[in-house]
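Just below is one structure, and these are the notes that go with it.
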Amino acid sequence: MTDALLAALAAGVRTIELGQPLFTGMPCSPNHPGFRMTLARRHGDQVRPDGGSASNEVIVTGGHVGTHIDALAHVSQDGRLHGGVDAEAAQRGGAFSELGAELIPPLITRAVLLDVAGTRGVKVLDPGYEVTRRDLEDAAERAGAAPEPGGVVVVRTGWATHFADAGTYLGRASGVPGIGEDAAAWLAAHEIVATGADTTAYERIPPGEGHRTLPVHRLLLVEHGIHIMEHLNLEDAAAAGLTAFAIVVAPLRIVGGTGSPIRPLAVVSA
């Protein structure tokens, strides 16, 4: 197996970014503290005897800002986390003692891109559009690739094209397209380990309602233990015609955290 992997690498591979860049002022859910970066030391602030100088930065961010993955500690229902864990007891002391971000597995597995916008013949789905089970089934048929146990499914709505316009992207008044409960149940039935989309909340946000309720998060995280990735950028992957591919996702091991920034990559033949 190792020799086969090394041979594949020697034959040549390329990576396609599946995430967004991190920058001060980028769109952020109103539920989370935003990303901020500034230089703490600039070149010339301190100069070594040999003329050398170094610069560094301070970064402040929430765990659910930019392209990230949700830990199973992120959402509870009726006071319980996934597996019936008592949420109040698990969060004592300022960090989760169970189901924290350090337990999110690194993912090197098969992924399927379900391009719902492309399947429906549009560049971007309408604001507030609910992605249904039928949408996912049709996108899987178009791709010729179905989800598999232990794999990942990423869903393209086209909404990432609005990322540079925070107001439009967050869609507080207009709503945001996303997965509905029936579609999420279809994904869970395939026993995947993680799923993601190119929006701020993964699931559909109805016009004018914001993040008042998030039933898909309950279904995936609490009921099925399936991790959710948000703020993906699937435009390059769709343009490259990706359907089924190898994905690499390495969350940070934030002990007791509820989520982690990630840099997801599609790995394909060169």
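The values are calculated or read from the model by the stated rules, or taken from the named source; none is laboratory data. Everything quoted here is computed from the prediction, not taken from an experiment. Note that each Cβ is placed from the backbone with ideal geometry, even for glycine, and that neighbours are counted across all protein chains shown. Heavy atoms of the whole protein, side chains included, go into the accessibility calculation; ligands, DNA and RNA do not. Shrake-Rupley method; radii C 1.70, N 1.55, O 1.52, S 1.80 Å.
Here are a few things to note about the model shown:
- Rounded to the nearest 10 Å², the accessible area of ARG48 at probe 1.4 Å: 130 Å²
- The computed Cα extents along the principal axes in Å for the structure shown corresponds, within [x] 49, 47, 42; [y] 67, 51, 40; [z] 65, 58, 34, to [y].
- Equivalent ellipsoid semi-axes, the stretch 115-241, via Cα gyration tensor eigenvalues times 5, rooted, Å: 21, 18, 12
- Summed residue charge, Cβ within 13 Å of ARG110's Cβ, Lys/Arg positive, Asp/Glu negative: -2
- Full extension of the chain between VAL58 and ARG134 yields a length gain of 22.8 nm, computed as 0.36 nm times the residue separation minus the alpha carbon distance.
- Equivalent-ellipsoid semi-axes of the stretch 175-242, from the Cα gyration tensor, Å, largest first: 20, 17, 9
- Solvent-accessible area, 1.4 Å probe, carbon plus sulfur percent, for the chain: 52 percent
- All C-alpha to C-alpha distances of the stretch 39-138, sorted into 5 Å bins beginning at zero, yield P(r) values of 2, 9, 11, 10, 10, 12, 12, 11, 9, 6, 4, 3, 1, 0 percent in whole numbers.
- The trypsin sites (Lys or Arg not before Pro) found in the stretch 174-270 that occupy coil by DSSP, while having at most 16 further C-beta atoms within 10 Å, are ARG212, ARG253.
- With the helix formula -39500 (n - 2.57) applied to DSSP H stretches of n ≥ 4, the chain reaches a computed 222 nm mean residue ellipticity of -4500 deg cm²/dmol.
- Accessible solvent surface per residue of the chain, calculated while the other protein chains remain in place, 1.4 angstrom probe, Å²: 48 Å²
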